[in-house]
Amino acid sequence: MKTEEPYIYDGLGFPVRLDQVDMVLIDGEWLPKIDIQAVADKAILALGAQEQRLTGNQLKFIRSYFSMALRQFAETVVNESHTAVSKWEKFGDDITNMDINIEKIIRLYIFEHISEVNADKGKHFLEQYKGLRNISLVKTAPKNLVLAL
């Protein structure tokens with residue numbers, strides 16, 4: 001085994017920088033030894049709070065994280081057509097052209113639903129909501145989402 005710092009993980013559909021990742025040698029290849037669910041759980045919170053606008057791949061991850069079909073996400077979260085959500089997701093690694101208010105609704109949805117599932121995170125909802133209100137949402141795509149495991 002060895003430890004790699006930093007390690008760029010692309011398994012969520014967008015780059016995530018992980019610090020101090022244990023690596024395991026399997027068939028001559030060094031692979032990360034990580035709990036993918038833990039990475040996804042931290043990533044969903046980080047996406048809700050990041051200062052940069054969401055990319056298409058990040059939006060797709062958010063929808064997938066909550067196990068929602070395009071139509072369900074469109075109707076229940078953003079009140080838009082499923083074709084609009086599909087179009088936003090096709091932006092890939094680029095920021096979407098969705099209205100800033102729709103993006104804020106998505107971020108609030110993240111915080112609200114994570115708070116419902118985990119009581120410990122629930123107490124931080126108001127704090128994160130206030131942070132979201134003050135976020136300028138920079139119009140440049142993030143290079144990597146940084147998570148501390």
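The values are calculated or read from the model by the stated rules, or taken from the named source; none is laboratory data. Predicted model, so just to flag it, every value in this text is computed and none were measured. Here the Cβ is made from the backbone with ideal geometry for all residues, glycine too, and neighbour counts use every protein chain on show.
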Original post:
If you go through the stretch 86-97 one residue at a time, do you hit one that is under 12 Å from the mean Cα position of the chain (by Cα) and either over 24 Å from Pro15 (Cβ atoms) or free of Cβ contacts under 8 Å to residues at least 60 places away in the same chain (or both)?
Top reply: no
Original post:
When the stretch 38-64 is examined, which residues are found to be basic (Lys, Arg) and modelled with pLDDT of 95 or more?
Top reply: Lys60, Arg63
**OP:** Could you list all residues from the stretch 89-131 that are modelled with pLDDT of 90 or more, assigned to a helix (DSSP H, G or I) and of a type in the set (D, E, K, R)?
**Re:** Glu89, Glu103, Lys104, Arg107
Original post:
Of Val78, Val39, which residue is buried (at least 16 other Cβ atoms within 10 Å of the Cβ), among the β-branched types (Val, Ile, Thr) and either touching a Lys or Arg at 6+ places or on another chain (Cβ under 6 Å) or free of Cβ contacts under 8 Å to residues at least 40 places away in the same chain (or both)?
Top reply: Val78
Subject >> Residues being without any contact (Cβ under 8 Å) to a residue 60 or more places away in the chain and buried (at least 16 other Cβ atoms within 10 Å of the Cβ) - total across the stretch 13-31 >> reply: 2
